[in-house]
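The structure under discussion appears below in the form of structure tokens.
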Amino acid sequence: MVHRFHVGPRLSEMAVHNGTVYLAGQVPDDATLDIRGQTREVLAMVDRLLAEAGTDKRHLLMAQIFLPDLADFDGMNEVWDAWVPAGHAPPRATVQAALARPGWKIEIVVTAALPQPRA
């Protein structure tokens with residue numbers, strides 16, 4: 001069974017199937033922020049969605065990061081490195097890509113596992 005969250009006419013923000021949580025690409029609400037601010041905002045969205053599904057960033061399986069300008073790579077990594085718990089950094093890809101809105105400096109897609117119930 002697939003559980004979809006925040007379903008709209010075009011996409012769902014999240015789907016959970018067979019113990020895996022799939023997030024849609026998360027983008028900032030405030031396009032006036034710099035890369036650090038937009039990254040913080042997007043990672044907070046990721047945290048909220050993962051919590052809603054019953055998991056957290058310690059259970060990330062994969063992250064995909066899209067940046068229109070690779071000059072923002074170091075600023076994004078500064079925020080990312082502070083956000084990822086030590087010993088729980090997921091496999092990750094970061095690519096340069098045009099985003100749907102000109103003010104967006106980042107889009108992040110993550111996949112996570114649901115924690116195993118304790119016996």
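The values are calculated or read from the model by the stated rules, or taken from the named source; none is laboratory data. Just so it is clear, the structure is predicted and the values come from calculations on it, not from any experiment. A quick note on method: Cβ atoms are made from the backbone with ideal geometry, for glycine too, and the neighbour counts reach across all protein chains shown. Remember, those area values only see protein heavy atoms, side chains included, never the ligands or the DNA or RNA. Shrake-Rupley method; radii C 1.70, N 1.55, O 1.52, S 1.80 Å.
Below is a table of values for the structure above.
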quantity	calculated
In segment 99-119, residue surrounded by the most Cβ atoms within 10 Å (Cβ to Cβ) [restricted to those that are assigned to a strand (DSSP E or B) and hydrophobic (A, V, I, L, M, F, W, C)]	Ala112
Extreme residue, farthest from Ile35 (Cα to Cα), among residues of segment 71-113 that are touching a strand residue (DSSP E or B) at 6+ places or on another chain (Cβ under 9 Å) and among the basic types (Lys, Arg)	Arg92
Failed item, numbered, when His17 is tested on (1) surrounded by fewer than 14 Cβ atoms within 10 Å (Cβ to Cβ); (2) in contact (Cβ under 8 Å) with a residue 24 or more places away in the chain; (3) in contact with a strand residue (DSSP E or B) (Cβ under 7 Å, 6 or more places away or on another chain)	(2)
Residues within segment 4-23 that are over 15 Å from the mean Cα position of the chain (by Cα) and of a type in the set (Gly, Ala, Ser), tallied	2
Selection from segment 66-98 of residues that are touching a Lys or Arg at 6+ places or on another chain (Cβ under 8 Å) and not in a helix (DSSP H, G or I)	Leu67, Pro68, Asp69, Val84, Pro85, His88
Residue in segment 37-50 that is surrounded by 20 or more Cβ atoms within 10 Å (Cβ to Cβ), more than 16 Å from Leu114 (Cβ to Cβ) and of a type in the set (Ser, Thr, Tyr) present	yes
Tally, over segment 1-14, of residues that are part of a loop (DSSP other than H, G, I, E, B) and either of a type in the set (Lys, Arg) or open to solvent by 90 Å² or more (accessible area, probe 1.4 Å) (or both)	3
